[in-house]
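Below: the structure, in structure tokens.
The values are calculated or read from the model by the stated rules, or taken from the named source; none is laboratory data. What you are looking at is a predicted structure, and each value in this text was computed from that prediction instead of being measured. Positions of Cβ are backbone-derived with ideal geometry, glycine not excepted, and every protein chain shown enters the neighbour counts. What goes into the accessible areas is simple: the full protein's heavy atoms, side chains included, and nothing from ligands, DNA or RNA. Shrake-Rupley method; radii C 1.70, N 1.55, O 1.52, S 1.80 Å.
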Amino acid sequence: MGSDVLIVGAGPTGLLLAGDLAAAGVATTVLERRTTDSNLARAFVVQARTLELLDARGIADELIATGTAVPALPALADYTIDLGGLPSRFNYLLATPQYRTEAVLQDRAVANGAEIVRGAAVTALRQDSGGVEVEARGEDGGTRSWRASYAVG
């Protein structure tokens, strides 16, 4: 099966987009250079608005189960970020590592029909009147090409 959209990168943004597109019936492939899921936490909290957006997609509670609600967070010497007064059911920061967020988003993307290709380091992109061709190098050093109407990076 070909893809309508190729997404370069399986970070939170790429995985969220993949899940949304696949849910809308768009054939989507994510190309990720990493061969395994990350265990690094480049971000350690999820903001209230992000939780609202994930809730609209039905996955906020799944992510909330992976972390700890932090209603207030000391930021600077005498300043604290206090979200307790927000008019939202998510009036806190959620402390959870980014790799857990990525896992929830990846599960949703795959469940909706997106394909995740790991070990595909994108090396070239060519566009013509019919769409785009993306070339990626695999772990073995060989290259493979994908064709789609659109590429997002």
Cut-off 10 angstrom, C-alpha nodes, Gaussian network model of the chain. Which of Ala18, Ala103, Ala41 fluctuates the most? Ala41
Accessible area of region 26-153 with a 1.4 Å probe: how many percent of it is carbon plus sulfur? 50 percent
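Rounded to the nearest 5, what is the percent of antiparallel bridges among the DSSP beta bridges in the chain? If you can, show how the numbers build up before the last one.
Numbers: 22 of 33 bridges.
Rounded to the nearest five, the antiparallel share is 65 percent.
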Would you please give the residues with an amide H less than 5 Å from that of Ala151, counting only those at least 5 places away or on a separate chain, with H modeled from the backbone geometry? Leu6
Read phi for every residue in region 49-57 and hand back ³J(HN,Hα) as whole Hz from Karplus 6.51 cos²θ - 1.76 cosθ + 1.60, θ = phi - 60°, with x for Gly and Pro. 5, 4, 4, 4, 5, 5, 5, 4, 9
At a threshold of 8 angstrom on Cα-Cα distance, excluding pairs fewer than six apart, so keeping six or more, what relative contact order does the chain reach in percent? 33 percent
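Inverting the mean 1/r over all pairs of different Cα atoms, compute the Kirkwood radius of the chain and quote it in Å. If you can, show how the numbers build up before the last one.
Working: mean 1/r = 0.0593 Å⁻¹.
16.9 Å is the Kirkwood radius here.
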Per-residue HN-Hα couplings for region 15-30, Karplus 6.51 cos²θ - 1.76 cosθ + 1.60 at θ = phi - 60°, whole Hz, x for Gly and Pro? 5, 5, 4, 4, x, 5, 5, 4, 4, 8, x, 8, 5, 10, 10, 9
Of the candidates Thr50, Ala95, Val132, the farthest towards the positive dipole end of the chain (Lys/Arg Cβ +1, Asp/Glu Cβ -1, centred on the Cα centre) is Val132
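So how strong a dipole does the chain carry about its Cα centre when Lys and Arg Cβ are +1 and Asp and Glu Cβ are -1, to the nearest 20 debye?
Working: 13 positive and 18 negative charges, 36 e Å.
That gives a dipole near 180 debye.
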Could you work out how far apart the two model spin labels at Leu125 and Leu40 are, taking each label as a point 7 Å from the Cα in the direction of the beta carbon, and quote it in nm? 2.1 nm
Which one of Leu51, Leu16, Leu40 has the biggest mean-square fluctuation once the chain is modelled by GNM with Cα springs under 10 Å? Leu40
Apply the Karplus parameterisation 6.51 cos²θ - 1.76 cosθ + 1.60, with θ equal to phi minus 60°, to every residue of region 58-71 and state each ³J(HN,Hα) to the nearest whole Hz, in sequence, with x for glycine and proline. x, 10, 4, 5, 5, 6, 4, 5, 8, x, 10, 6, 10, x
Once you order the gyration tensor axes a ≥ b ≥ c over the Cα atoms, which shape class does region 1-73 get: rounded for a/c under 1.5, otherwise prolate or oblate by comparing a/b with b/c? oblate
Pull up all non-local amide H partners of Ile116: gap of 5 or more, or a different chain, and H-to-H distance under 5 Å with H placed in the peptide plane. Val30
